[in-house]
Amino acid sequence: MLTDWQSIPNASDHLKWYENKGKLKLNFFLSIVAVGMLLNGYDGSLISGLQASDAWQADVGYPNGVKLGLLNACGSFSGIVVGPIITYIDEHFGRRWGIRFYGVTILLGSIIGCIAGVSGANGYALFCVGRVIIGFGLTSFLMTSLIVVQEISHPRSRSTVAHSWNSWYILGLFIEGWVIFGCVGYMQGSWSWRIPYIIQVGFALYILIAVQFVPETPRWLFAHGRQDEAFQFMVTYHGNGDPQDPLVLFEFEEMKNAITQEQEAKAEKWSTIFRGRSNRHRLGLATLMPFLFNLSGASILYLYYTIVFDQVGITDATTQTGLAAGLNGFTWICQIAAVYAGKFIGRRQIVLYTWPWLLLCLIGLCVSGAVYSNTGEVSKSAGIATVSLVWIYQGFFNFACPVIYSYASEVQTYSMRSKGLLVWNTVYQLQGAYVAWVDAIALNAIGYKYYIVYMPLVVIEFVLVYFFMVETKGYTLEEIALAFDGGSKISLANADVLPSVEHSQRNGDNTEEQTRGDAEGDYKNAIEGR
């Protein structure tokens with residue numbers, strides 16, 4: 001077995017952050033993903049915040065029930081359609097196109113949405129069209145950025161960067177919450193909601209301009225016959241320009257062996273993916289992650305918190321938007337805490353620790369809603385309890401979000417990463433459309449009793465995580481394949497280029513060549529599912 005890869009020397013070990021020019025450039029590339037996720041979070045909660053605006057309600061025709069649900073869900077419908085297209089583009093033309101497309105759709109969708117309320121125009125129809133266009137881009141960005149984060153990050157920080165991915169979404173929620181609080185709470189007329197909506201354009205322009213400077217990921221370059229460019233990427237951005245950097249040589253050799261063996265096994269074909277037990281397991285986990293996010297009750301609190309507060313007597317728009325803005329700040333802190341905790345706690349453990357708390361909070365929300373409903377008068381205690389339980393629920397849920405979002409991409413092999421995320425996106429968008437539409441109808445029809453629907457789902461999710469989620473903490477991106485067959489944590493790097501890395505014998509008196517051959521054989525078996 002090879003020495004722990006984290007002990008291999010690297011330029012980042014002895015350079016101060018401002019001296020490591022390669023990593024600074026890499027962080028600029030990652031900032032584009034961060035801004036994109038911030039914009040995703042900002043846009044994702046806008047509709048919920050705008051529901052507190054009387055001007056927005058008037059401009060789009062006072063939607064409720066089915067119409068409000070459709071307005072929230074139409075972006076998910078367009079996301080389902082664009083998923084296969086983006087998968088093909090990511091695999092054949094490069095990872096950057098999905099990010100470019102995202103910037104364009106945000107620009108167009110925001111402008112069309114802002115036309116709602118103009119005299120003579122159908123405000124509801126225009127706003128829905130804008131949401132559909134934005135939905136195309138959101139899906140493109142989600143699928144592409146999850147891949148980019150895993151494939152370009154420095155190996156020392158890959159896990160941290162990937163887990164931080166969703167925290168930028170929460171920061172977007174935080175910014176949106178205070179913008180809505182200021183505009184909707186203290187302004188009158190249509191510009192009280194148009195200003196928050198048009199702010200998205202600035203973020204989109206940054207993404208469109210900055211993405212032009214981002215190179216393709218080294219794994220995509222290598223898989224498309226551009227090995228020299230792939231190696232140069234790692235030298236420049238992972239080794240600060242040193243072509244003899246030991247960690248760069250290790251990482252490149254590991255990547256080369258993994259992708260070469262995947263190509264020989266035709267691991268990118270659907271027939272190979274479905275034939276392999278390990279691959280089916282990976283796809284199953286890609287399906288489970290959106291199940292955890294969409295069908296645990298969080299959608300109610302994200303999309304319809306105004307209705308949740310209305311049902312316990314908290315109806316003032318300024319109070320509602322202020323509570324939401326404060327909650328977004330709190331959940332961002334929870335996600336940052338989770339990123340730090342992820343260095344010490346496994347992915348599976350985090351989910352298993354948090355999910356029972358979600359069940360308890362749903363029970364509490366149901367009880368507080370029942371108390372208010374059955375008293376026949378404003379119950380201050382029910383309102384306080386509901387606000388407290390919303391914060392507790394969101395705190396625990398967001399502590400698990402970094403894992404839920406990064407895990408589906410992390411567990412895929414290179415050759416099936418785009419297809420795995422296609423499965424993830426299809427399930428994510430279908431479930432997202434369902435909850436966005438049905439939640440509005442159900443809350444309108446049965447109120448607090450709707451929480452009961454999610455309680456058994458949370459229990460089922462806990463059981464599925466317990467039996468099927470594979471721990472990946474401490475593995476490199478290529479090593480994760482071995483975890484799915486119960487293999488040992490073996491690196492695939494060629495020992496000849498790493499004289500500073502000591503080897504131990506795997507079995508008896510194996511030679512280094514036998515050790516390397518066994519590791520490569522284990523990997524090939526893993527990707528083929530044998």
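Details
- Scaled against 2.2 N^0.38 Å for its residue count N, the alpha carbon radius of gyration of the stretch 363-461 is 1.41.
- In this simple spin-label approximation, A58 and D316 carry label points 7 Å from Cα along the Cα→Cβ vector, and these lie 2.2 nm apart.
- For the stretch 267-380, radius of gyration divided by Kirkwood radius, i.e. Rg to Rh on alpha-carbons: 1.12
- Rounded to the nearest 20, the Cβ-based charge dipole of the stretch 246-289 about its Cα centre (Lys and Arg +1, Asp and Glu -1) stands at 400 debye.
- At an R0 of 30 angstrom, the distance between the Cβ atoms of V201 and K25 translates into a FRET efficiency of 0.65.
- Three principal axis lengths of the stretch 1-132 [C-alpha, angstrom, descending]: 66, 32, 27
- Computed Kirkwood radius, in angstrom, where 1/r is averaged over Cα pairs of the chain: 24.2 Å
- Whole-percent carbon and sulfur share, accessible surface of the chain, 1.4 Å: 64 percent
- Net charge of neighbours whose Cβ lies under 15 Å from the Cβ of V184, counting Lys and Arg as +1 and Asp and Glu as -1: -3
- From phi via Karplus (6.51, -1.76, 1.60), per-residue ³J(HN,Hα) for the stretch 52-64 in Hz, x at Gly/Pro: 7, 8, 5, 5, 5, 4, 5, 5, 10, x, 6, x, 8
- Long hydrophobic helices in the chain, taken as whole DSSP H segments with a C-alpha length of 18 Å or more on their own axis and mean Kyte-Doolittle hydropathy at least 0.5: 21-44, 66-92, 97-114, 123-152, 158-186, 317-341, 347-375, 380-410, 414-446, 451-468.
- Note on F330 and Q188: with the Förster distance fixed at 30 Å, the Cβ-Cβ geometry gives a FRET efficiency of about 0.55.
- Per the Debye formula on identical point scatterers at the alpha carbon atoms of the stretch 147-269, with no solvent, log10 I(q)/I(0) at q = 0.18 Å⁻¹ is -1.01.
- Take the stretch 19-73 with all the other protein chains still there, run a 1.4 Å probe, and you get 31 Å² of accessible area per residue.
- Fraction of alpha-carbon pairs over 20 Å apart in the stretch 233-295 - percent: 54 percent
- Binned Cα-Cα distances of the stretch 199-278, short to long, each 5 Å bin given as a whole percent: 3, 13, 18, 15, 13, 12, 12, 9, 4, 1
- log₁₀ of I(q)/I(0) at q = 0.14, 0.20 Å⁻¹ - the stretch 224-333, Debye sum with one point per alpha carbon: -0.80, -1.04
- Pairs over the 28 Å Cα-Cα cut-off, from the set K380/K449; K23/K473; K266/K343; K67/K380; K67/K419; K21/K419: K266/K343; K67/K380; K67/K419; K21/K419.
- Calculated FRET efficiency for the pair I345/Q263, C-beta based, R₀ 45 Å, to 0.05: 0.80
- Span from the the stretch 96-170 Cα centroid across to the the stretch 7-81 one, whole angstrom: 6 Å
- With the Kirkwood sum run over all distinct C-alpha pairs, the stretch 275-339 has a hydrodynamic radius of 14.5 Å.
The values are calculated or read from the model by the stated rules, or taken from the named source; none is laboratory data. Predicted model only: the values in this text are computed from it and were never measured. When we count neighbours, we look across all protein chains shown, and the Cβ atoms used for this are built from the backbone with ideal geometry, even at glycine. Side chains are part of the model used for accessible areas, which takes the heavy atoms of the whole protein and leaves out ligands, DNA and RNA. Shrake-Rupley method; radii C 1.70, N 1.55, O 1.52, S 1.80 Å.
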